[in-house]
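Student: Here's a structure for you.
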Amino acid sequence: MNQLSAALVLALVTGLAGAVHAADSRPPQAPSMQKWQKGLSRTDLAQQALSAPGFELIQSRVDFEPGVVSPRHSHPGEEVAFVIEGVMEYQLAGRPPVVLKAGSSLVIPAGTAHVARNIGAGRASELATYVVKTGAPLVKIEK
């Protein structure tokens with residue numbers, strides 16, 4: 001995906017998420033998730049049912065301290081990972097690693113096992129936007 005296409009996808013998803021969050025006056029319902037490890041945290045920003053039956057949008061900020069690596073995991077729908085700050089490396093099953101700097105994004109297909117790693121000197125953060133099956137656990141730890 002070229003940078004223009006990625007920017008358009010991000011603008012669409014971010015705009016949709018903002019509109020969804022604005023239309024819902026309830027506070028976002030945080031999906032249950034245990035703390036993975038020290039130095040990795042997720043803050044849920046929005047959660048809303050979509051017009052497509054059986055699907056919802058969840059948007060979260062995920063912060064990684066220097067050197068922190070997520071466990072290998074997957075999601076029950078697509079994820080758009082947009083790097084807000086820092087430098088991240090993403091390893092998707094069956095693909096070569098991808099390095100993203102602040103302002104870049106990556107679409108992770110539904111059910112694809114992946115690992116995210118902060119490879120920069122400072123903190124790294126991503127805006128993770130998920131379009132997932134309603135009621136399914138957001139994170140599945142893979143072996």
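The values are calculated or read from the model by the stated rules, or taken from the named source; none is laboratory data. Because the structure is predicted, anything quoted here is derived from the model rather than measured. Here the Cβ is made from the backbone with ideal geometry for all residues, glycine too, and neighbour counts use every protein chain on show.
Student: When you check GLU89 against the structure, is it within 30 Å of SER51 (Cβ to Cβ) and either in contact with a Phe, Trp or Tyr (Cβ under 6 Å, 6 or more places away or on another chain) or charged (D, E, K, R) (or both), yes or no?
Tutor: no
Student: Then there is this: On the basis of being of a type outside the set (Val, Ile, Thr), over 14 Å from the mean Cα position of the chain (by Cα) and modelled with pLDDT under 95, does SER32 make the cut?
Tutor: Answer is yes for this residue.
Student: Of the residues that make up region 94-108, is at least one at pLDDT 95 or above and under 19 Å from LEU50 (Cβ atoms)?
Tutor: Yes - at least one qualifying residue is present in region 94-108.
Student: Looking at region 47-67, which of its residues are within 12 Å of the chain's Cα centre (by Cα) and crowded, with 18+ Cβ neighbours inside 10 Å?
Tutor: Scanning region 47-67 gives LEU57, ILE58, GLN59, SER60, VAL62, ASP63.
Student: Right, next: Quick one: HIS75 ticks every box in (1) surrounded by fewer than 16 Cβ atoms within 10 Å (Cβ to Cβ); (2) within 17 Å of VAL62 (Cα to Cα) bar one, so which box is it?
Tutor: (1)
Student: When you check ALA52 against the structure, is it aliphatic (A, V, I, L, M), on the phi < 0 side of the Ramachandran plot and not in a strand (DSSP E or B), yes or no?
Tutor: yes
Student: While we're here: Across region 39-59, what is the total count of residues that are polar (S, T, N, Q) and touching a residue at least 24 places away in the same chain (Cβ under 8 Å)?
Tutor: 2
Student: Quick check on this structure: which one of VAL131, VAL115 is in contact with a Gly (Cβ under 8 Å, 6 or more places away or on another chain) and among the β-branched types (Val, Ile, Thr)?
Tutor: Checking each option against the conditions leaves just VAL131.
Student: Considering only residues of region 94-110 that are within 13 Å of the chain's Cα centre (by Cα), outside any loop (DSSP other than H, G, I, E, B) and not hydroxyl-bearing (Ser, Thr, Tyr), which is surrounded by the fewest Cβ atoms within 10 Å (Cβ to Cβ)?
Tutor: Looking at the filtered set, the residue picked out is VAL107.
Student: Go through region 81-120 and count every residue that is of a type in the set (D, E, K, R) and in contact (Cβ under 8 Å) with a residue 40 or more places away in the chain.
Tutor: Residues that pass the stated criteria total 2.
Student: Pull up region 82-93, narrow it to residues that are part of a strand (DSSP E or B) and either in contact with a Ser or Thr (Cβ under 9 Å, 6 or more places away or on another chain) or at pLDDT below 95 (or both), then point me to the one that is nearest to VAL131 (Cα to Cα).
Tutor: Residue satisfying both the conditions and the ranking: PHE82.
Student: Filter region 111-136 for residues that are under 29 Å from ALA49 (Cα atoms), within 14 Å of the chain's Cα centre (by Cα) and not aliphatic (A, V, I, L, M) and give the result.
Tutor: Once the filter is applied, which keeps residues that are under 29 Å from ALA49 (Cα atoms), within 14 Å of the chain's Cα centre (by Cα) and not aliphatic (A, V, I, L, M), region 111-136 yields GLY111, THR112, HIS114, SER125, GLU126, THR129, TYR130.
Student: For region 60-75, give me each residue that is assigned to a strand (DSSP E or B), more than 11 Å from GLU142 (Cβ to Cβ) and either without any contact (Cβ under 8 Å) to a residue 60 or more places away in the chain or not polar (S, T, N, Q) (or both).
Tutor: ARG61, VAL62, ASP63, PHE64, VAL69, listed by residue number.
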